[in-house]
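Remarks on the structure that follows.
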Amino acid sequence: MAMAMDLRLSSTLACLVLLFAIGNAAEELAASFVFGDSLVDAGNNNYLSTLSRANIRPNGIDFKASGGNPTGRYTNGRTIGDIIGEELGQPNYSIPFLAPNSTGEAIRYGVNYASGGGGILNATGRIFVNRLGLDVQVDYFNITRKQFDQLLGAAKAKDYMMKKSIFSITIGANDFLNNYLLPVLSIGARISQTPDSFIDDMINHLRDQLTRLYQMDARKFVLGNVGPIGCIPYQKTINQLAENQCVDLANKLAIQYNGRLKDLLASLSENLPGATFVEANVYALVMELITNYDKYGFTTATRACCGNGGQFAGIIPCGPTSSMCTDRSKHVFWDPYHPSEAANVIVAKQLIDGDEKYISPMNLRQLRDL
């Protein structure tokens, strides 16, 4: 009798363990494929001969996984992509594509193709000499896609891409900052091309690359729109603005592009069967932090924590000779261009569990579980 009860108990426990395991498996993101610029670069530019690099101190000073050593991330800690992956149960950070060890089992949890200085258009970021534009990033994913066929077999790889992976694209800011609005060098381009025409080129190019990813079995997409680039310390410094001012033209261009991006995602949702396109309203999120920074525990949303030059330390990028703030968690901006980890955490959490004000038509937890 006791033995029968023990067997029933063991069987019940085994079922509970199995159910728990199944439940946990459903709540994990298998893989995250990250495309974009320096906001989400995890170290690809370390392997390029480029003027845009973040593998120097004190970048990464709060990145626990490296013991506070620089990794090539353009912030003091984790990027938005890192935080989202962690929160959604991704077992490891997506590995930079150009890293020597980005082969075999290392790619199972995703790959990061993002590159500091990269843009939607190929000409963007040419001032940095080398960077990976979106065309090249998608070319590189094509290589990864074939590796997954070898790793999992063709049928399982297809299923893995379609159902268990999220494709995030955070790009577009450089197309304005380091192309259309680039001081001196862009004057000719602005005379010959209207903002409408320039944004048309961006949208058409982005449509082509998203369609290519779809053709390689990507189905769950999240696109970040362009943030309030007129409010970053660099723009405020070079334009000699007051603390509560932003560069009007830069923000207007971002808003115009963001409207077109929303239309593009609606169109792709209709025309690419089975695909889900989620828009992350980065503009609204970051503007909220800049406008109401004190509400979130920050003491400034104008001055870079790490940088030099001008009223807002906004001219010279963060490096070993930069001045650095004493409390990095109190600054919205880590350097002249990029948010601090503290700001990234707030943005990421809104994208994961927030409502349609910041992420639509669903949040990233819902996208993962789709």
**Complete:** Full extension between GLU86 and ARG212 adds, at 0.36 nm per residue less the Cα distance, a length in nm of 42.6 nm
**Item:** Relative exposure of MET287, MET161, judged by other C-beta atoms within 10 Å (fewest first)
**Value:** MET287, MET161
**Message:** What does the C-alpha gyration tensor say about the overall shape of region 41-153? Classify as rounded when a/c is under 1.5, otherwise prolate if a/b is larger than b/c, or oblate.
**Reply:** oblate
**Request:** Please name whichever of GLY89, GLY104, ALA114 sits farthest to the positive end of the charge dipole of region 80-137, dipole taken about the Cα centre and charges placed at Cβ: Lys and Arg +1, Asp and Glu -1.
**Result:** ALA114
**Asked** So, in Å, what gap is there between the alpha-carbon centers of region 311-343 and region 61-86?
**Response** 15
**Highest-fluctuation residue, LEU48, LEU285, LEU351 considered, GNM on the chain with Cα pairs under 10 Å** = LEU48
**Prompt:** For region 279-370, which GluC sites (Glu not before Pro) are both in a DSSP coil and crowded by at most 14 other Cβ atoms within 10 Å?
**Reply:** GLU356
**Item:** When each of LYS64/LYS220; LYS252/LYS295; LYS262/LYS357; LYS262/LYS295; LYS156/LYS220; LYS164/LYS220 is checked by Cα-Cα distance, pairs over 19 Å
**Value:** LYS64/LYS220; LYS252/LYS295; LYS262/LYS295
**Fill in**
Fewest to most Cβ atoms within 10 Å: VAL111, VAL129 sort as VAL129, VAL111
**Prompt:** What ranking do ARG53, ARG365, ARG260 get, fewest neighbouring Cβ atoms within 10 angstrom at the top?
**Reply:** ARG260, ARG365, ARG53
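All of the numbers you see were taken from the coordinates with simple rules; none came from a lab. All figures in this text were calculated on a predicted structure; none of them were measured in a lab. Don't worry about glycine lacking a Cβ; one is built from the backbone with ideal geometry, like all the others, and counts go over all protein chains shown.
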